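Trainee: After the structure tokens below, expect a handful of questions from me.
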Amino acid sequence: MKKLGLIFVILMLVFLYAPIIVLVVYSFNDSPTRAVWGGFSIRWYIELFHDKSILDALYVTVSIALIATVASTIVGTLAAIGMHSMKPGMQSLYVNVTNLPMLTPDIVTGISLMVLFIFAKFPRGYWTMLLAHITFDAPYVIFSVLPRLRRMNKHLYEAALDLGSTPGRAMRQVILPEIMPGVVTGALLAFTMSLDDFVISYFTSVRSANLSMLIYSMTRRKVPPTINALSAIMFTVVLALLLIINRRDARQAA
């Protein structure tokens, strides 16, 4: 049974990652035709950074990911601290409510936000996409910070106040250092989710396009080889961020 389980895991990994490996390999193919190997070359990576539409989409993607990460980290951290201070019944209610955006399918969230923006007569573009990203990033920060708060000695904050510290100073010098690993992990998760998002961005923006939306629009026509290079870069960045997150989680568990 162990051998069958191992074979199943190997086949599953091959099925999942073989297409990505092929994509990365062919991003270095000198030939514009995917069926023909024309030799090793980085020409598509060079052309990638001379394409204005791709550079514009890259700016939208990175800027929204950075702003959404900062905003959702601040909102999520404060929300986690507020939820942790609630009574158990109320805390459980708020935890379940916060879980909903993470459990709801992206297409439902995207359509709901689209309807909201249309109802509020917000023109769908850069700012609506940013608000949407902050909305679905915040729960990841909350659930990264809450476990750190639960493991923290609850008397530390009270001791700081008894020793003459102000609430704001106690928050900065006592609570934040204790929960900082969770805050950083939540921020990395938020950045990864924002960088990789397509469905919610597609429904909440018409005037601005991120990289995922640009790739989708290109796949409906003849896909240029630069998309292989772009996809390889996005995969590498997301993989690096996930490895950093997993390593931090392993250190925290130890």
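What follows is calculated from the coordinates using simple rules that are stated; it is not laboratory data. All values reported here derive from a predicted model rather than from experimental measurement. Reconstructed Cβ throughout: ideal geometry from the backbone, glycine too, with neighbour counts over all protein chains shown.
Trainee: What is the angle, in °, between the Cα long axis of helix 176-196 and the longest principal axis of the Cα atoms in the chain? Nearest 10 is fine, range 0 to 90.
Mentor: Rounded to the nearest ten degrees, it is 30.
Trainee: A further question follows. Under a straight-distance cross-link criterion of Cα-Cα below 21 Å, which lysines are reachable from K154, leaving out those fewer than 8 residues away in the same chain?
Mentor: By straight Cα distance, K154 reaches K87.
Trainee: Tell me the angle of helix 2-26 to the major Cα principal axis of the chain, expressed in degrees between 0 and 90 and rounded to the nearest ten.
Mentor: 60 degrees
Trainee: Relative to the first principal axis of the alpha-carbon coordinates of the chain, what is the inclination of helix 106-119, with its axis defined by its Cα atoms, in degrees from 0 to 90 and to the nearest 10?
Mentor: Helix 106-119 sits at roughly 80 degrees to that axis.
Trainee: Gap in Å between the Cα centre of the range 39-112 and the Cα centre of the range 127-200?
Mentor: 14 Å
Trainee: Helix-only mean residue ellipticity at 222 nm, the chain, DSSP H runs n ≥ 4 weighted -39,500 (n - 2.57), per residue, nearest 500. What is it?
Mentor: -25500 deg cm²/dmol
Trainee: Distance in nm between label sites at I10 and N99, each 7 Å beyond Cα in the beta-carbon direction?
Mentor: So the two model labels end up 3.8 nm from each other.
Trainee: Here is a further query. If the reach is capped at under 23 angstrom between alpha carbons, list the lysines near K222, excluding any in the same chain fewer than eight residues apart.
Mentor: Within reach: K52.
Trainee: Something else about it: Charges at C-beta only: +1 for Lys and Arg, -1 for Asp and Glu. How large is the resulting dipole of the range 50-253 about its Cα centre, in Debye rounded to 20?
Mentor: Dipole of the range 50-253, to the nearest 20 debye: 60 debye.
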